[in-house]
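Reviewing the structure listed below.
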Amino acid sequence: MTAKIAYTDVEVGTELPAQTFSVTRATLVQYAGASGDFNPIHWNEKFAKQVGLPDVIAHGMFTMAEAIRVVTDWAGDPGSVVEYGVRFTKPVVVPNDDQGATIEVGGKVAAKLDDNTVRVDLIATSAGQKVLGMSRAVVRLA
């Protein structure tokens, strides 16, 4: 699969379609099983609060993975991402209810680079707070 967006059709400032991702306690259990990260801050309310967290929090890598989906959906190919990095700024707090939390992600082409690549800057928030900082991806386009 190759990127479907043509490099020549993209300009600096191009906005990627924003997406909202839901995360519940069940999502965290599924992710823990897939990743092998069974840290109790991701499933045990009492433990999370004992270590100073407001409640159970989503795995940082889960939050990071949900955010990059905005880029891979836009580009049309997960393999088009050649570089991706973030800083974790705030946790995604996941209450123990049927609604859980949401992660809102938007992105914008910040620069056109060499070799048909662009840098996309992402903004990820949850409960009105920025949860990822310096969230940037380099994407190779067609």
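The values are calculated or read from the model by the stated rules, or taken from the named source; none is laboratory data. Since we're looking at a predicted model, the values are computed, not measured. Heads up, the Cβs are rebuilt from the backbone with ideal geometry, glycines too, and the neighbour counts pull from every protein chain shown. Surface areas here come from the heavy atoms of the whole protein model, side chains and all, with no ligands, DNA or RNA. Shrake-Rupley method; radii C 1.70, N 1.55, O 1.52, S 1.80 Å.
Computed values, structure above
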quantity: For the stretch 1-71, projected area of the alpha-carbon convex hull averaged over all directions, nm²; calculated: 7.0
quantity: Per residue value of the accessible surface for the chain (all protein chains in place, 1.4 Å probe), Å²; calculated: 53
quantity: Residue-wise HN-Hα coupling along the stretch 128-142, computed from phi with Karplus coefficients 6.51, -1.76, 1.60 (Hz; x: Gly, Pro); calculated: x, 10, 5, 9, 10, x, 6, 7, 9, 10, 9, 10, 8, 9, 5
quantity: Förster-model FRET efficiency, 30 Å R0, K90 and A111, C-beta, rounded to 0.05; calculated: 0.70
quantity: Nearest 10 degrees, 0 to 90: helix 60-75 Cα axis against the chain principal axis; calculated: 30
quantity: Cα-based equivalent ellipsoid, the chain: semi-axes from gyration tensor eigenvalues, Å; calculated: 32, 14, 12
quantity: Using alpha-carbon coordinates, inclination of helix 25-35 to the longest axis of the chain, degrees; calculated: 70
quantity: Rounded accessible area of K90 (nearest 10 Å², 1.4 Å probe); calculated: 100
quantity: Accessible carbon and sulfur surface of the stretch 1-99 relative to its total accessible area, %, 1.4 Å; calculated: 53
